[in-house]
1. Wholly within segment 3-113, which strands (runs of 3 or more DSSP E) include no fewer than the required count, namely at least 3 residues that are at pLDDT 85 or above and loosely packed, with under 12 Cβ neighbours inside 10 Å?
2. So LEU177 fits all but one of (1) surrounded by fewer than 21 Cβ atoms within 10 Å (Cβ to Cβ); (2) modelled with pLDDT under 95; what number is the exception?
3. Considering only residues of segment 117-163 that are part of a loop (DSSP other than H, G, I, E, B) and within 16 Å of the chain's Cα centre (by Cα), which is farthest from SER103 (Cα to Cα)?
4. Applying the selection to segment 249-294, what residues are surrounded by 15 or more Cβ atoms within 10 Å (Cβ to Cβ), free of Cβ contacts under 8 Å to residues at least 40 places away in the same chain and charged (D, E, K, R)?
5. Restricting to segment 227-261, count the residues that are among the hydroxyl-bearing types (Ser, Thr, Tyr) and assigned to a loop (DSSP other than H, G, I, E, B).
6. Which number in (1) in contact with a Ser or Thr (Cβ under 6 Å, 6 or more places away or on another chain); (2) farther than 18 Å from TYR234 by Cβ; (3) modelled with pLDDT of 95 or more marks the one condition that LEU355 misses?
7. Any chance you could count how many residues in segment 120-143 are out of contact with any strand residue (DSSP E or B) (no Cβ under 7 Å at 6 or more places or on another chain) and of a type in the set (Val, Ile, Thr)?
8. Mind checking which residues of segment 106-152 are under 22 Å from THR331 (Cβ atoms) and either of a type in the set (Lys, Arg) or in contact with a Cys (Cβ under 8 Å, 6 or more places away or on another chain) (or both)?
Amino acid sequence: MGKAEDNKKPSHTKKTVLYRMIYEDIKEKILSQTYQDNERLPFERELCEAYNVDRVTVRKSLDLLVADGLIEKRPGLGSFVKSPVTGGSTSKTESRNILFVMSDNTNDVKSNPSAFNSKLFHAIEQECRHNGYSLFYAVVDEQTSLASLINGNEFAGILFVSYIPPHILEQCVQMQLPIICLNNRFPNVISIVPEDERGAYDAVKYLNSQGHQRIGIILGKSEYYSATERFRGYSIAMFEAGVQMDPRFVLQGDWTFDGAREAVFRLLDTVPAEELPTALFCCSDVTAIGAIDALKERDVSVPKEMSVVGFDNISQSVHIYPRLTTIAVNTKLMAELAIEKVTAYSSETEGRGYLIQVPTSLEIRQSVHKI
């Protein structure tokens, strides 16, 4: 009996693997547009012959594609491809829904509600409401497929915010879907970003104008476009000031409060007190608030012993002590541009790769000390 049961298991496993393989193969052909929108798939009998499987296996594969919103079954006619974004609609304007997408990590809206992207989400939500759209939120990771992200729903456009796994954006570009990148840049996609380089440059120039030369920086995650651009602005300002960057002062953060605290503790533990920077430029306000908290815990006076400047001008920046000097970003303008561009999306490739930079401004408060 035991031996007979063992002999059954491989057959069951093989069938499971086969229907998943067929499902993945057809899904890939739909997403790559080998099968076009509204095209009829081969009949079940033809699929059985093509994949050398029985009809039950084929039907299980098709049922998964129906659940994903990639096909629809029409009685007596067969299975037909549906657009993964419009669900087979002839016009995207039929939908009044917009999707706001972020990577699933410590910087997303639900995990870090005080961060800039949360402020941006609420600004976009207000702009959607003003224009008669509904905003939905989703997160992705490296394993997320475009089909599972859309999940058969209809969207007038998709806003991809900050770092997004490139394979998802590549599929969207190939399929000419109505998408915009925010706080990120990707080829052949309209991208809307703050003046990251200029804002960081202005922050460091201001610190230098207050007598600071030993200026450190707490970065964001290296794969983020804004982190790279803000480090470039910092570097240019230091070069123009004739100040050589000290590698000990270039601190790696992750955009979070705790990540900033850890970076500051490492700095204080490894650099002699007399050689410490007199100022820190932080690539986000959340980072700056974490840095101030760590400095206070180690009895380093802010701003008298170490000045701090942030970036984003989130609401918390005026509710801490000392009130944070920061680079303000016009999130209302970003939101207006995002909705305008994504709802006026054209499938024409010309002009789809351009970059829109939203102006920034320096907000001078109490966290910088003149020396």
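The values are calculated or read from the model by the stated rules, or taken from the named source; none is laboratory data. Just so we're clear, the structure is a prediction, and the values are computed from it rather than from any experiment. Using ideal geometry, Cβ is built from the backbone for each residue, glycine included, and neighbour counts are taken over all protein chains shown.
1. Correct list: empty, since no element meets the threshold.
2. With (1) surrounded by fewer than 21 Cβ atoms within 10 Å (Cβ to Cβ); (2) modelled with pLDDT under 95 applied to LEU177, the lone miss is (1).
3. Result: SER145.
4. ARG261, GLU262, ASP293
5. Residues of segment 227-261 that are among the hydroxyl-bearing types (Ser, Thr, Tyr), as a first pass: 228, 234-235, 256.
Checking which are assigned to a loop (DSSP other than H, G, I, E, B) leaves us with 256.
Number satisfying all stated conditions: 1.
6. (3)
7. 0
8. Residues satisfying the conditions are LYS110, LYS119, ARG129, SER134, LEU135.
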